[in-house]
Amino acid sequence: MITRLCVQGLRNLREVELRPGATLNVLIGANGAGKSSLLEALGLFGLGRSFRTPRLRHLIASAAEAAHVYVETEGGHRAGIGIQRRGDLQLRLDEHDVALHQLIARFPLLLMEPGSWDHFSAGAMARRRLLDWGLFHVEPEFLRQWQRYQRALEQRNSLLRQGRNDDALYSVWEAQMLPAALQLSQWRQSYLQRLRQDLAVDSAHWLPEQNIDIRLEPGWEGDLQEVWTSGRQRDLQRGHTQRGAHRADVVLSIDGRPAQEILSRGQMKIWTTLFRLKQLSILQEQGIRPCLLMDDFASELDQHYRGLCLQMLQSLRAQVWLTSTDDYWLQQTEGVERMMFHVEQGRIHNMMG
């Protein structure tokens, strides 16, 4: 949980120093006031990148030489991120330089912004990343096995692009890929099963008119080593490995049909919200207290589902940051502990909650 946030030289934000609440923090302001920029600053700790631009230097204010974001957390930990004009990141954790994955591991942060509501309609890669985000935070060995698989996969694909057809060359990399692929698939299956049990109950409440099933497709069928061996000629023609853990997918279905063909966009938003909040619950079961960022909250869900979402947020022990252009929906948060901030022309003021 973040107890203090300082921002300098980032986009249109003036110098910021906030002491947020432990639960719900609401940022109210007009479009362009700086609300999303503040979430962008926070998101750097959990993503290592911006959710609005691939070029980090674009986060630096026009009159600044660099952007700096600094946080203090529950327990007295301190972390800082510096962005230079050339786009380099400087990462510090408790006065030590750290690698990006170390910082991300310390800040389990889940972002839901307008571009993320379509994860389940955006293709297998987006759905797989949802699963792997959760596993990164709950399985200590996940990153090592994922990197092992990816490095070996790159080498196998390089052989395929070169047109090499030597069994001995492929066996070297497949021997590394196989145990990693099986472990990744086992973790994904177990993790999705944990989600599935809770989702079956809650989706009946959120989407009672739909009986949604969710399952994992591991990325291959049968014996994986045999799949690679027998499929090598096809892989050579394509120039890449067509089967394996890198092709895993999370499949939604309703009565055997793809759910994306049946659910409306609004219903898909609800399902995505439910799925992500259940991921937060799993982190909490592991003793991890996450942070949730929700950009443009009120415009993405109708009144009924905003109420359901706020009920679930209230039951979580996560620190939540919501942005909105107005506060008409705040009557649904009566009785909910919250901090209110008004954002205007890059300045952020504490309000009475």
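The values are calculated or read from the model by the stated rules, or taken from the named source; none is laboratory data. Since this is a predicted model, take the numbers as computed values, not measurements. Note: ideal-geometry Cβ built from the backbone for every residue, glycine included; neighbour counts use all protein chains shown. Side chains are part of the model used for accessible areas, which takes the heavy atoms of the whole protein and leaves out ligands, DNA and RNA. Shrake-Rupley method; radii C 1.70, N 1.55, O 1.52, S 1.80 Å.
Tell me which GluC sites (Glu not before Pro) from the stretch 96-183 have a DSSP coil assignment and no more than 13 other beta carbons within 10 Å of their own.
Filter output for the stretch 96-183: Glu141.
Give me the percent of accessible area attributable to carbon and sulfur for the chain, probe 1.4 angstrom.
On the chain, the fraction of accessible area on carbon and sulfur atoms equals 45 percent.
What net charge is computed for the residues neighbouring Glu72, neighbours being all others with C-beta under 10 Å from the C-beta of Glu72, Lys and Arg scored +1, Asp and Glu -1?
So the surrounding residues net to +2.
Loop-only GluC sites (Glu not before Pro) in the stretch 206-269, please: DSSP not H, G, I, E or B, and at most 15 other Cβ atoms within 10 Å.
Glu209, Glu221
Distance between the C-alpha centers of the stretch 265-327 and the stretch 147-211? Whole Å please.
28
Can you send over the solvent-accessible area of Ser230, 1.4 Å probe, protein chains only, in Å² to the nearest 10?
Here the accessible area works out near 70 Å².
What number comes out for accessible area per residue over the stretch 201-290 if the probe is 1.4 Å? Units Å², please.
Value returned for the stretch 201-290: 47 Å² of accessible area per residue.
Percent antiparallel among DSSP beta bridges with both residues in the chain, to the nearest 5?
Here the antiparallel bridges make up roughly 65 percent for the chain.
Taking only the alpha carbons of the stretch 244-294, what extent do you get along each of the three principal axes, in Å, biggest first?
37, 33, 18
At 1.4 Å probe size, what's the solvent-accessible area of Arg106? Round to the nearest 10 Å².
Counting only protein heavy atoms, Arg106 exposes about 110 Å² to solvent.
Let me check something: with ligands and nucleic acids excluded, how do Phe297, Phe51 order by accessible area (1.4 Å probe), largest to smallest?
Phe51, Phe297
Compute the orientation-averaged projected area for the stretch 36-123 from the convex hull of its Cα atoms and round it to one decimal in nm².
In nm², the orientation-averaged hull projection of the stretch 36-123 is 6.7.
Among Arg265, Arg164, Arg276, which one shows the biggest mean-square fluctuation in a GNM of the chain, springs joining Cα atoms closer than 10 Å?
For the chain, modelled as a Gaussian network with Cα springs under 10 Å, the answer is Arg164.
So, taking all protein chains as they sit and a 1.4 Å probe, how much accessible area belongs to Tyr191, in Å² rounded to tens?
10
Counting pairs of Cα atoms in the stretch 249-353, how many percent are more than 16 Å apart?
65
Using amide H atoms built in the peptide plane, which far-off residues or other-chain residues are under 5 Å from Gly244 H to H?
Placed amide hydrogens put Trp220 under 5 Å from Gly244.
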